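K.L.:
Next up is a structure, given as structure tokens.
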Amino acid sequence: TVITKKDITAYRSFGNNADAGGSFATTKPFVNKSITMKKSAILPEWKNSLQYEARITIPKETKLNIGRAEKQVSIDGTKYAGNGDQLLLPKNWDLNWIKEIRRVD
């Protein structure tokens, strides 16, 4: 857990059952769906289409939890490695932090 000393740019991939205002983000922008699913360990059964990416500016002096995405195994047995960086955004974070939403699929 940290208190940011400067503004931080974060990215959140979302779509379908996942919305732009969710809890988890990363500091790395979207490369492609496969890499994002593996590094962020996003399981297909969560129904996140990863169709969009929000660019979020987290203001300085914000309390963040920073870590790595934990590996996950889908219901069909597929393993998602995780280990990508992961930010847990504050509860009820301000959606005005979203500076851009782009379609990535």
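The values are calculated or read from the model by the stated rules, or taken from the named source; none is laboratory data. Remember, predicted model here, so these are calculated numbers, not experimental data. Glycine also receives a Cβ, built like all others from the backbone with ideal geometry; neighbour counts cover every protein chain displayed. Keep in mind that these areas ignore ligands, DNA and RNA; they rest on the heavy atoms of the full protein, side chains included. Shrake-Rupley method; radii C 1.70, N 1.55, O 1.52, S 1.80 Å.
K.L.:
May I ask you to say which residue of Ile98, Ile56 is within 12 Å of the chain's Cα centre (by Cα), surrounded by 11 or more Cβ atoms within 10 Å (Cβ to Cβ) and of a type in the set (Val, Ile, Thr)?
P.N.:
Of Ile98, Ile56, the one residue that is within 12 Å of the chain's Cα centre (by Cα), surrounded by 11 or more Cβ atoms within 10 Å (Cβ to Cβ) and of a type in the set (Val, Ile, Thr) is Ile56.
K.L.:
Do the conditions hold for Thr1, that is, is it in contact (Cβ under 8 Å) with a residue 60 or more places away in the chain and either open to solvent by less than 20 Å² (accessible area, probe 1.4 Å) or under 13 Å from the mean Cα position of the chain (by Cα) (or both)?
P.N.:
Considered against the rule, which asks whether it is in contact (Cβ under 8 Å) with a residue 60 or more places away in the chain and either open to solvent by less than 20 Å² (accessible area, probe 1.4 Å) or under 13 Å from the mean Cα position of the chain (by Cα) (or both), Thr1 comes out as no.
K.L.:
Kindly provide the set of residues from region 39-49 that are in contact (Cβ under 8 Å) with a residue 40 or more places away in the chain and buried (at least 20 other Cβ atoms within 10 Å of the Cβ), ordered by number.
P.N.:
Of everything in region 39-49, those that are in contact (Cβ under 8 Å) with a residue 40 or more places away in the chain and buried (at least 20 other Cβ atoms within 10 Å of the Cβ) turn out to be Lys39, Ser40, Ala41.
K.L.:
Return only the number of the condition from (1) part of a loop (DSSP other than H, G, I, E, B); (2) at negative phi that Ile101 does not satisfy.
P.N.:
(1)
K.L.:
Of the residues in region 69-90, how many are part of a strand (DSSP E or B) and either out of contact with any strand residue (DSSP E or B) (no Cβ under 9 Å at 6 or more places or on another chain) or surrounded by 13 or more Cβ atoms within 10 Å (Cβ to Cβ) (or both)?
P.N.:
Counting residues in region 69-90 that are part of a strand (DSSP E or B) and either out of contact with any strand residue (DSSP E or B) (no Cβ under 9 Å at 6 or more places or on another chain) or surrounded by 13 or more Cβ atoms within 10 Å (Cβ to Cβ) (or both) gives 6.
K.L.:
Another question, then. State whether one or more residues within region 51-62 are out of contact with any Ser or Thr (no Cβ under 9 Å at 6 or more places or on another chain) and either at positive phi or part of a loop (DSSP other than H, G, I, E, B) (or both).
P.N.:
no
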